[in-house]
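Computed from the coordinates by the stated procedures, all read-outs in this text should not be read as laboratory data. Values in this document were obtained by computation on a predicted structure and should not be read as measured data. Neighbour counts are summed over all protein chains in view; Cβ atoms, including those assigned to glycine, are modelled from backbone coordinates with ideal geometry.
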Amino acid sequence: MISEIAPLASLDQWEDDLLLRYPEPEHKAKEEYRNYDSPERDTVREFYRLNHTYQTYDFVREKEREFLAFNKKELPVWGAMEFLNTLVDDSDPDTDLDQLQHLLQTAEAIRADGHPDWFVLTGLLHDMGKVLCLFGEPQWAVVGDTFPVGCQHSDKIVYSEYFVKNPDSYDERYNTKYGVYEPNCGLRNVHMSWGHDEYLYQIMKNYMPEPALYMMRYHSFYSQHREGAYDHLMDEHDHEMFKWVDKFNPYDLYSKSPKPPVVSELKPYYEALIAKYLPATLKL
Ligand SMILES: [Fe+2]
Ligand SMILES: [Fe+2]
């Protein structure tokens, strides 16, 4: 039986699946994403069924209350990265990269392109919010595409048909185009489905430059940054900042390199970068 807590064999299965949906421009998908069939595809579909069923406006508000108290753990930043790396999915026989390696590869690819150091640091930190899994949260409340809650679900969201199971689809406070929001009110006023993006943004919001915060907060918001489905909630400033979200996305998806980074060689550079922007410890 596929578990409701962890339908995916590993958290990375979601990101691997993103590559099928959004292949690198030079590697065009052979088949249409929706026609791609495999056992992995079934678990991804089950994952989205759970995500779209349970991510309601009330669920999100409840998780905000629970996790934005930051009373779970206090760790140095590198310690938080090592804590994240205790997340091993032993149900996945061919786990390719651990969490820290994905983060280092993303950051190193950004660094190699000569971007500002806070952009590099964003690459290193962007998935740190996945520690939510280590606090016992189900996969569907940690990873997966994010989307606004409290208003109509766009049909541009992957597997949007599963929103028929979401109670908000039948609640007239939440099922209109704008729902609880005003036209072009700006994303800062919009609650997103709960997961590692929003959680990390809230941890980092006092320390990083604004473009970095947008990249952290919206990197999984594919229905907007790839599909443009929520322009009606965004303001001018959001559009300006989403240029950075767009810039970040290829590093997240396409930076997997065949030779894994050597952590001990890179650590001094990243420790210095962490010390430049972040406090000695983070409250999770
Ligand atoms: Fe992520
Ligand atoms: Fe990532």
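Computed values, structure above
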item	result
Dipole magnitude of the chain about its Cα centre (Cβ charges: Lys, Arg +1; Asp, Glu -1), debye to nearest 20	600
Highest to lowest packing among 138-151, 262-275, 155-168, scored as the average C-beta count within 10 Å	138-151, 155-168, 262-275
Residues listed by number, segment 136-157, amide nitrogen under 17 Å from Glu172 label point at 7 Å toward C-beta	151-152
Candidate lysines - alpha carbon under 28 Å from Lys267, same-chain residues fewer than 8 apart omitted	Lys72, Lys73, Lys130, Lys205, Lys247, Lys256, Lys259, Lys276, Lys283
Centre separation in Å (Cα based) which lies between segment 101-120 and segment 156-175	36
Average Cα contact separation per residue, segment 181-284, under 8 Å, 6 or more apart, as relative contact order %	33
Order of His52, His225, His239, His115 - criterion: other Cβ atoms within 10 Å of each residue's Cβ, fewest first	His239, His115, His225, His52
Alpha-carbon centroids, segment 241-277 and segment 36-59: separation in whole Å	28
Placed amide H near Glu74: partners under 5 Å, 5+ positions off or other chain	Leu284
Segment 109-122 - phi-based ³J(HN,Hα) in whole Hz, Karplus 6.51/-1.76/1.60, Gly and Pro as x	5, 5, 4, 4, 8, x, 7, x, 5, 5, 6, 4, 4, 4
Rounded FRET efficiency, nearest 0.05, which uses the C-beta distance separating Trp118 from Lys205 and R0 of 22 Å	0.95
Nonlocal amide H pairs with Met192, under 5 Å, H built at 1.01 Å	Val149
Computed [θ] at 222 nm, deg cm²/dmol, the chain (DSSP H ≥ 4; -39,500 (n - 2.57); rounded to nearest 500)	-13500 deg cm²/dmol
Separation in nanometres of the label points that stand 7 Å from Cα toward Cβ, at Leu97 and Glu66	3.0
Cα-derived Rg over Rh, computed across the chain with Rh taken as Kirkwood radius	0.94
Where labels lie 7 Å past Cα in the beta-carbon direction, separation of Ala280 and His239 in nm	4.6
